[in-house]
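Participant: Before we start, here is the structure in question, set down as structure tokens.
The values are calculated or read from the model by the stated rules, or taken from the named source; none is laboratory data. Note that this is a predicted model, so its numbers are computed, not measured. Because the Cβ atoms are built from the backbone with ideal geometry, glycine has one as well, and the counts that use them run over all protein chains shown. Just so you know, the surface numbers come from the protein's heavy atoms only, side chains and all, with ligands and any DNA or RNA stripped out. Shrake-Rupley method; radii C 1.70, N 1.55, O 1.52, S 1.80 Å.
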Amino acid sequence: MRRLMPAAVALLVLVAILPAIADKAKSLYDKGQDAEARQNFEAAYNFFKQAYDLKPKDLRYRSSFERLRFKAAATIVHRGQGLRDEGKLQEAVAEFQRAVLIDPSLFIAQQELKRTLQMINDKENPPPQAAGPPSSLERKIREAGGPVELAAISNVPITVKLTEDSKVIYQTVGQLAGINVLFDPDYTSRRIKVELNGVTLEDALQITALESKTFWRPVTSNTIFVAQDNPAKRKELEQSVLKTFYLQNLSQPTELQDVVNAIRAVLDVQRVQQLLSQNALVVRGTPDQIALAEKLVEDLDKARPEVIVDIAVITVSKDKSRTLGLSPPTSATVALQSNINNTTTTTGTTTTGTTTTGSTAGGLNLNTLGNLNATDFQVTIPSANLSAVMSDSDTKVLQNPQVRALDNQKATLKIGERLPVATGSFQPGIGGVGINPLVNTQFQYIDVGVNIDVTPHVHADREVTLKISMEVSSEIGQASIGGISQPIIGQKKIEHEIRLKDGESSLIGGIMDDSQTKSLAGLPGLAQIPILRYLFGQVSQDHSSDETVFAITPHIIRGTSLSEMNQRAIDIGTANSIELRHVNHPAAASVPTAQAPANQTPATQLSANQLANQQSLTQGANPGTQGGANFLFDPGQITAAKGNTFVVNLLISGAQNVYSVPVQLNYDPAKLQLVNISNGGFLSQDGQAVALVHREDDTTGTLQITATRPPGAGGVSGQGAVVTMTFQAKASGQTPLTITRGGARDPGLQAITVNGAQASVTVQ
């Protein structure tokens with residue numbers, strides 16, 4: 001007894017604990033189901049895992065635990081990706097590690113963990129910069145430069161009026177822009193006329209190229225190379241750029257081929273190679289072609305829209321039957337008593353009044369017939385039945401599947417079973433000395449149940465076109481065909497195409513069977529009398545109806561994402577030359593205050609670009625070399641009536657070897673308005689053409705003028721009018737016309753100091 005006591009106690013404890021464990025596991029399982037219904041997959045996984053740990057042999061707990069493993073890990077991976085995008089790398093690492101612990105087979109979790117750890121390592125220990133000459137191919141690739149681009153040049157509007165050799169115009173605009181201009185040895189220049197008002201320097205270069213039928217490309221950030229515009233020269237001189245585009249959404253070979261065809265046909269790029277294994281395109285072309293190819297890839301590499309289609313298949317069946325009335329006897333049996341000479345006679349009376357008499361095997365003799373009376377016969381009448389039966393059955397079947405499909409991709413849903421149907425039979429031929437009596441029958445399987453095929457197409461206005469084929473079928477019986485039992489399939493099928501808004505439902509009904517049957521059975525004549533039909537007859541009524549309704553509701557879960565850039569029209573040059581035209585908008589003048597001399601109007605306002613340009617005019621000046629040169633206004637005192645125009649000349653005197661004259665003037669824009677500027681003759685005294693460029697800001701009254709002799713021409717000396725300016729008097733009052741900055745330059749572009757000047761204008 002002492003030995004049995006511990007075992008008994010342990011058994012009692014085990015008996016008490018096991019129900020508690022079972023109840024706890026069931027409770028955890030129920031909590032997991034509730035969490036899964038709320039799509040809280042991580043919590044559901046934890047509950048299922050705890051239930052599984054308590055009862056690992058219960059397949060229900062194990063299947064739920066294994067099924068939620070992937071969803072929980074995927075949810076954590078998505079949360080980690082969001083944290084990494086926010087820059088929270090350490091928190092993201094913790095989430096990815098949790099996902100790996102939950103589902104080690106989830107490769108994306110390991111990938112993201114490795115990638116995030118590498119990002120942290122690169123942030124804490126940046127790779128050393130390459131130093132010295134390249135020593136490997138990898139270093140050469142890392143140090144390889146991108147496409148050469150021209151550095152930003154001033155975008156202040158200028159006015160250019162020249163009739164000169166195209167080389168001279170290129171060099172003139174290049175000097176104004178501060179860039180070097182190189183010419184192809186085979187370049188043939190010709191005289192052209194350029195008159196541009198209010199254009200930027202880059203626009204001036206583009207227009208000059210168009211007028212002279214040439215093209216230019218940047219060689220360095222401040223140097224361009226000009227050549228004759230023909231296919232041979234473009235192929236020889238244009239840059240080639242190589243770029244690999246990795247497509248994020250398109251993956252099918254036909255989709256990649258469509259992008260390749262678009263790049264080749266639209267951009268005239270022949271060097272395009274698709275790599276199906278990497279889902280990538282390698283493109284080689286000019287910088288402009290590569291930029292346009294990138295735009296095309298961005299336009300076409302879009303995630304396909306996706307649609308979830310809610311389909312409700314509702315089948316309603318109603319069957320009603322009623323039987324009411326008396327079923328009277330319709331026959332009687334008359335028989336002889338069995339003690340009469342062992343002979344029996346049976347007489348039957350039917351509803352038609354016909355009586356049939358038969359004898360048994362013993363029979364009757366003629367002497368006995370005369371002695372028969374009523375007591376020798378036995379009459380049997382069947383019982384009458386009174387029926388009052390009614391049945392009413394109502395059956396509803398609801399199937400509510402969801403189908404998720406990509407745009408223009410067919411999705412198929414089949415719910416039901418597959419039935420074999422004989423399609424043919426054959427008997428093998430004669431073999432050997434006998435005939436094979438076996439017959440081989442061929443079968444195919446058909447799908448019976450709910451069969452749905454959906455092909456959606458998403459429109460840009462949040463509408464969906466659905467091409468749908470829906471079938472509801474079932475086996476309603478069997479038929480013997482050729483000795484083989486074949487199923488009889490009842491079928492209801494719809495094929496159509498509809499267009500619905502996102503979330504709009506469409507009901508498809510009208511598939512309805514309705515049958516009514518009414519029967520009357522009873523005694524002839526009496527059963528047809530309305531009042532007596534229920535006493536001498538029986539009335540049966542059957543009514544059955546079967547209706548099938550389909551309800552379809554599309555939901556767009558991913559639409560077409562189009563940006564403004566995807567829909568924007570872009571100028572890409574001509575049919576013979578694919579190139580981008582870079583728009584250089586004229587700058588809006590900012591108005592910082594510049595310090596004016598004591599004898600000038602205070603608070604003269606200049607734009608930032610103007611200040612920078614004018615500071616560059618005076619850099620490198622050597623006052624000791626060309627001292628004594630002066631600017632003068634002719635006349636110095638001007639009186640004009642309001643609304644009239646007047647002319648004033650800007651003179652220079654005492655200057656030697658002058659090649660270019662840049663100058664800045666200021667006036668009151670409320671009182672004066674510039675009408676025209678023309679060459680004064682000083683720089684063209686030897687017959688050379690003069691390039692005249694001016695920039696005006698009529699809001700601040702700032703006027704910049706640059707008069708330049710042709711490239712290669714020497715300087716001139718003496719005195720004379722540099723430019724002639726025409727103004728219009730706008731409002732009464734007095735205003736100074738002041739040179740705030742200016743000077744001259746020699747053929748080597750060295751600055752020459754020239755003293756400023758001021759004129760007085762009185763508007764009456």
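Participant: Can you tell me which residue in the range 318-338 is least open to solvent (accessible area, probe 1.4 Å), limited to those that are of a type in the set (A, V, I, L, M) and more than 24 Å from L535 (Cβ to Cβ)?
Facilitator: L336
Participant: Right, here's the next one. Go through the range 79-128 and report how many residues are among the hydroxyl-bearing types (S, T, Y) and open to solvent by less than 60 Å² (accessible area, probe 1.4 Å).
Facilitator: Going through the range 79-128 one residue at a time, the tally reaches 1.
Participant: Next question, about the same structure. Any residue in the range 683-706 that is outside any strand (DSSP E or B), on the phi > 0 side of the Ramachandran plot and in contact with a strand residue (DSSP E or B) (Cβ under 6 Å, 6 or more places away or on another chain)?
Facilitator: Looking for residues that are outside any strand (DSSP E or B), on the phi > 0 side of the Ramachandran plot and in contact with a strand residue (DSSP E or B) (Cβ under 6 Å, 6 or more places away or on another chain), one finds at least one in the range 683-706, hence yes.
Participant: Among what's in the range 752-764 and is part of a strand (DSSP E or B), open to solvent by 10 Å² or more (accessible area, probe 1.4 Å) and not β-branched (V, I, T), pick the residue that is farthest from F682 (Cα to Cα).
Facilitator: Looking at residues that are part of a strand (DSSP E or B), open to solvent by 10 Å² or more (accessible area, probe 1.4 Å) and not β-branched (V, I, T), I get S760.
Participant: Restricting the first residue to the range 51-67 and requiring it to be without any contact (Cβ under 8 Å) to a residue 24 or more places away in the chain, which pairs with a second residue that is crowded, with 22+ Cβ neighbours inside 10 Å and of a type in the set (S, T, N, Q) meet a Cβ separation below 6 Å and a spacing of at least six or different chains?
Facilitator: Once the first residue is without any contact (Cβ under 8 Å) to a residue 24 or more places away in the chain and sits in the range 51-67, no partner that is crowded, with 22+ Cβ neighbours inside 10 Å and of a type in the set (S, T, N, Q) comes close enough.
Participant: Does the range 52-72 hold any residues that are of a type in the set (A, V, I, L, M, F, W, C) and within 20 Å of R98 (Cβ to Cβ), and which are they?
Facilitator: If the condition is that a residue be of a type in the set (A, V, I, L, M, F, W, C) and within 20 Å of R98 (Cβ to Cβ), then F65, L68, F70, A72 are the ones that fit.
Participant: In the range 678-722, what residues are open to solvent by 30 Å² or more (accessible area, probe 1.4 Å), more than 15 Å from Y659 (Cβ to Cβ) and within 55 Å of the chain's Cα centre (by Cα)?
Facilitator: H694, E696, D698, T699
Participant: Residues of the range 300-316 being under 19 Å from H555 (Cα atoms) and either open to solvent by less than 30 Å² (accessible area, probe 1.4 Å) or not in a loop (DSSP other than H, G, I, E, B) (or both), which ones?
Facilitator: Correct list: P305, E306, V307, I308, V309, D310, I311, A312, V313.
Participant: Related question: So Q478 passes all but one of these: (1) assigned to a strand (DSSP E or B); (2) over 30 Å from V421 (Cα atoms); (3) over 41 Å from the mean Cα position of the chain (by Cα). Which condition number does it fail?
Facilitator: (2)
One line per residue, one yes/no per condition, for (1) touching a residue at least 24 places away in the same chain (Cβ under 8 Å); (2) open to solvent by less than 40 Å² (accessible area, probe 1.4 Å):
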| position | (1), (2) |
| --- | --- |
| F183 | yes, no |
| T188 | yes, no |
| A209 | no, yes |
| S240 | yes, no |
| Q252 | no, no |
| Q278 | yes, no |
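Participant: Follow-up. Taking the criterion of being within 29 Å of G559 (Cβ to Cβ), modelled with pLDDT of 85 or more, surrounded by fewer than 16 Cβ atoms within 10 Å (Cβ to Cβ) and of a type in the set (D, E, K, R), would at least one residue in the range 258-266 satisfy it?
Facilitator: Yes; the residues of the range 258-266 include at least one that is within 29 Å of G559 (Cβ to Cβ), modelled with pLDDT of 85 or more, surrounded by fewer than 16 Cβ atoms within 10 Å (Cβ to Cβ) and of a type in the set (D, E, K, R).
Participant: For T351, work out the one condition from (1) at pLDDT 75 or above; (2) closer than 30 Å to Q541 by Cα; (3) part of a loop (DSSP other than H, G, I, E, B) it doesn't fulfil.
Facilitator: The failed condition is (1).
Participant: Checking the structure you have, find out if any residue of the range 422-442 is open to solvent by 90 Å² or more (accessible area, probe 1.4 Å) and either at pLDDT 80 or above or touching a helix residue (DSSP H, G or I) at 6+ places or on another chain (Cβ under 6 Å) (or both).
Facilitator: Within the range 422-442 (the criterion being open to solvent by 90 Å² or more (accessible area, probe 1.4 Å) and either at pLDDT 80 or above or touching a helix residue (DSSP H, G or I) at 6+ places or on another chain (Cβ under 6 Å) (or both)), the answer is no, since none of the residues qualifies.
Participant: Looking only at the range 130-139, decide whether some residue is open to solvent by 100 Å² or more (accessible area, probe 1.4 Å), at pLDDT 80 or above, assigned to a helix (DSSP H, G or I) and not acidic (D, E).
Facilitator: Checked the range 130-139: no residue is open to solvent by 100 Å² or more (accessible area, probe 1.4 Å), at pLDDT 80 or above, assigned to a helix (DSSP H, G or I) and not acidic (D, E).
Participant: Select from the range 653-675 the residues that are within 20 Å of R695 (Cα to Cα) and assigned to a strand (DSSP E or B) and list them in ascending order.
Facilitator: If the condition is that a residue be within 20 Å of R695 (Cα to Cα) and assigned to a strand (DSSP E or B), then S660, V661, P662, V663, Q664, L665, N666, L672, Q673, L674, V675 are the ones that fit.
Participant: (1) aliphatic (A, V, I, L, M); (2) closer than 19 Å to F633 by Cβ; (3) open to solvent by less than 20 Å² (accessible area, probe 1.4 Å): which one isn't true of V675, the others all being true?
Facilitator: (3)
Participant: In addition: What are the residues in the range 20-32 that are open to solvent by 70 Å² or more (accessible area, probe 1.4 Å) and free of Cβ contacts under 8 Å to residues at least 12 places away in the same chain, if any?
Facilitator: Within the range 20-32, D23 is the sole residue that qualifies.
Participant: Taking the range 170-181 only, how many residues are surrounded by fewer than 18 Cβ atoms within 10 Å (Cβ to Cβ) and among the aliphatic types (A, V, I, L, M)?
Facilitator: Selection size over the range 170-181: 0.
Participant: Name the pairs: first residue in the range 294-321 and under 30 Å from L507 (Cα atoms) and touching a residue at least 12 places away in the same chain (Cβ under 8 Å), second residue surrounded by 16 or more Cβ atoms within 10 Å (Cβ to Cβ) and of a type in the set (S, T, Y), Cβ to Cβ under 6 Å, at least 6 apart or on different chains?
Facilitator: Once the first residue is under 30 Å from L507 (Cα atoms) and touching a residue at least 12 places away in the same chain (Cβ under 8 Å) and sits in the range 294-321, its partners that are surrounded by 16 or more Cβ atoms within 10 Å (Cβ to Cβ) and of a type in the set (S, T, Y) give D310/T553; T315/T548.
Participant: Working carefully through the options R115, R62, find the one that is assigned to a helix (DSSP H, G or I) and more than 16 Å from N46 (Cβ to Cβ).
Facilitator: On inspection, the qualifying residue turns out to be R115.
Participant: Select from the range 447-470 the residues that are open to solvent by 30 Å² or more (accessible area, probe 1.4 Å), in contact with a strand residue (DSSP E or B) (Cβ under 9 Å, 6 or more places away or on another chain) and at pLDDT below 85 and list them in ascending order.
Facilitator: Across the range 447-470, the qualifying residues are D461, R462.
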